[in-house]
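Written out below as structure tokens is the structure these notes cover.
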Amino acid sequence: MDIKDLLKEKKQYVGKEIEICGWIKNHRPQKEFGFISFSDGTTQGGIQVVYDKTLNNFEDVSKLLVSSALKIKGTLVPSEGKEDYEIKANSIEILSSCPEDYPIQPKRHTREFLREQAYLRPRTNLFTAVFRVRSVAAYAIHKYFNEHNYVYVHTPLITASDCEGAGQMFEVTTLPLGEKPDYSKDFFGKKTALTVSGQLQAETCALAYKKVYTFGPTFRAEDSNTKTHAAEFWMIEPEIAFADLDEDMCIMEDMLKYVVKYVLDNAQDEMKFLDSFVEKGLIEKLTKLVNSKFTRITHEECIRLLIESGKKFEFEPKYGEDIAKEHEKYITEYFNGPVFIYNWPKDIKAFYMKQNDDGKTVAAVDLEVPEAGELIGGSQREEDYDKLLARMKELNMDTESMNWYLNLRRYGSCVHSGFGMGFERLLIYLTGVDNIRDVILFPRTPKNCEF
């Protein structure tokens with residue numbers, strides 16, 4: 001049985017013989033008996049196993065090292081020590097013994113060292129917690145959208161469209177290296193790349209199902225080594241027909257609170273561990289977010305607040321320009337909570353965003369959260385064919401290859417909106433672990449594609 005189920009219903013198993021399989025996390029052999037910290041991966045802490053010389057293989061068990069795999073049969077009994085319950089072993093079958101050169105010993109390792117041992121790090125207490133929180137958060141996201149009548153759609157990973165228009169895409173080709181590319185001879189007969197976003201394709205389904213979302217890997221060939229950038233990461237991208245920017249913000253707030261609360265309620269042991277050993281006050285921070293009302297201000301109001309603050313920033317805030325991390329931090333501290341910043345300058349946002357009547361801004365929004373900065377970005381999409389076409393021509397975009405996207409504005413167009421949330425950035429916020437390399441199993445960053 002699983003240790004999680006055993007501990008959940010422990011009172012009904014007291015005095016009964018049970019069988020569990022798992023691995024040694026720590027081992028303290030004595031002359032007459034021994035203690036094993038035992039885990040099967042279903043809980044954060046595992047359970048203590050006590051054995052003595054009545055075992056027919058006592059000597060062999062006493063020699064076992066960390067990460068050896070065992071099948072244990074024994075009786076669940078109240079513990080005399082700090083543990084509530086422990087297992088008194090009646091038999092221990094050695095499934096495999098781990099050698100002395102096993103790299104992950106029961107001591108504190110640096111995260112940098114553990115990245116070098118990425119295939120083993122899920123066995124450590126830190127990454128046991130992080131990756132289980134990742135699993136719980138992913139389930140909560142699907143659960144939220146399912147409960148709100150969204151259809152889960154799988155958008156392509158290989159695309160001929162650059163959603164963001166930044167050109168930072170990984171090209172997909174079968175052409176020989178070193179030659180001038182003739183894409184007519186390529187596999188797809190045109191230039192293709194790994195997707196940076198499923199948004200454009202998701203919009204096609206939003207105009208059929210009303211509410212859809214994607215949740216999958218995306219790729220960006222951005223040569224950045226910051227703590228929040230990776231070449232491969234996961235994105236949550238809902239698209240909602242008949243929703244304007246105001247409703248878009250309401251959905252962002254509701255979804256984020258739902259997911260955070262679900263993690264707090266359903267990964268309690270992991271969150272307590274992270275609160276104790278990674279970020280003090282983590283649970284309090286997240287609980288405050290769940291219970292807070294998110295502030296809404298325009299980009300112009302944001303810049304004015306920054307300028308009038310009298311604070312000396314490294315990067316001077318300016319109207320018509322993007323804001324920096326230090327500005328995001330100031331704004332969330334000023335309002336003491338999450339802040340929606342909406343109506344951004346047109347020239348620094350994507351082509352598909354709806355232009356406002358002032359001709360200078362678009363109906364775009366970023367959600368800034370305390371200590372993390374930007375967590376979600378979204379917008380109301382331009383639903384007018386002529387306006388979208390004009391904007392694409394203004395940016396010298398290839399309108400012919402995007403004709404299918406333009407046609408969505410001809411065939412049953414309506415007001416619609418959506419947003420994107422980087423899953424790993426959410427996990428950084430949820431776990432307190434401050435590097436994206438430590439919230440994804442095998443990180444892909446510049447000059448790093450191991451395992």
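The values are calculated or read from the model by the stated rules, or taken from the named source; none is laboratory data. Just so it is clear, the structure is predicted and the values come from calculations on it, not from any experiment. So basically every Cβ, Gly included, is an ideal-geometry build from the backbone, and we count neighbours across all protein chains shown. Surface accessibility is based on the protein's heavy atoms, side chains included, excluding ligands, DNA and RNA. Shrake-Rupley method; radii C 1.70, N 1.55, O 1.52, S 1.80 Å.
So the values come out like this:
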read-out: Condition check for Gly34: surrounded by 13 or more Cβ atoms within 10 Å (Cβ to Cβ), in contact with a helix residue (DSSP H, G or I) (Cβ under 9 Å, 6 or more places away or on another chain) and closer than 28 Å to Met271 by Cβ; value: no
read-out: Top-ranked residue in the range 374-393 [being of a type outside the set (A, V, I, L, M, F, W, C) and in contact with a Ser or Thr (Cβ under 8 Å, 6 or more places away or on another chain); ranked as nearest to Thr226 (Cα to Cα)]; value: Gly378
read-out: Selection within the range 267-286 - open to solvent by 50 Å² or more (accessible area, probe 1.4 Å), closer than 21 Å to Lys143 by Cβ and touching a residue at least 40 places away in the same chain (Cβ under 8 Å); value: Asp269
read-out: Of all residues making up the range 332-364, the number that are open to solvent by 10 Å² or more (accessible area, probe 1.4 Å), touching a residue at least 40 places away in the same chain (Cβ under 8 Å) and aliphatic (A, V, I, L, M); value: 1
read-out: Qualifying position, being closer than 26 Å to Arg437 by Cβ and open to solvent by less than 10 Å² (accessible area, probe 1.4 Å), among Leu264, Leu289; value: Leu289
read-out: Filter result (on the phi < 0 side of the Ramachandran plot, open to solvent by 30 Å² or more (accessible area, probe 1.4 Å) and assigned to a loop (DSSP other than H, G, I, E, B)) within the range 410-451; value: Arg410, Tyr411, Ser413, Val415, Asp434, Leu441, Phe442, Arg444, Pro446, Cys449, Glu450
read-out: Selection from the range 21-35 of residues that are free of Cβ contacts under 8 Å to residues at least 24 places away in the same chain and within 15 Å of Cys98 (Cα to Cα); value: none
read-out: Number of positions in the range 67-86 that are within 12 Å of Trp23 (Cα to Cα) and open to solvent by less than 20 Å² (accessible area, probe 1.4 Å); value: 5
read-out: Of all residues making up the range 2-49, the number that are in a loop (DSSP other than H, G, I, E, B) and under 30 Å from the mean Cα position of the chain (by Cα); value: 8
read-out: Tabulated pairs, the range 307-331, first closer than 17 Å to Pro370 by Cβ, second among the charged types (D, E, K, R), C-beta under 7 angstrom, 6+ apart or interchain; value: Glu326/Glu314; Glu328/Glu368; Glu328/Glu374; Tyr330/Lys311; Ile331/Glu368
read-out: Restricting the range 395-410 to residues that are among the hydroxyl-bearing types (Ser, Thr, Tyr) and in contact (Cβ under 8 Å) with a residue 12 or more places away in the chain, the residue that is nearest to Asp434 (Cα to Cα); value: Tyr405
read-out: Identity of the residue in the range 87-128, of a type in the set (Ser, Thr, Tyr) and touching a strand residue (DSSP E or B) at 6+ places or on another chain (Cβ under 9 Å), that ends up most open to solvent (accessible area, probe 1.4 Å); value: Ser97
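Listed here are the residues, each with its yes/no results for (1) closer than 22 Å to Trp344 by Cβ; (2) of a type in the set (Phe, Trp, Tyr); (3) buried (at least 21 other Cβ atoms within 10 Å of the Cβ); (4) in contact (Cβ under 8 Å) with a residue 60 or more places away in the chain.
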{"residue": "Asp366", "(1), (2), (3), (4)": "yes, no, yes, no"}
{"residue": "Gln380", "(1), (2), (3), (4)": "yes, no, yes, yes"}
{"residue": "Glu383", "(1), (2), (3), (4)": "yes, no, no, no"}
{"residue": "Ala390", "(1), (2), (3), (4)": "yes, no, no, no"}
{"residue": "Lys393", "(1), (2), (3), (4)": "yes, no, no, no"}
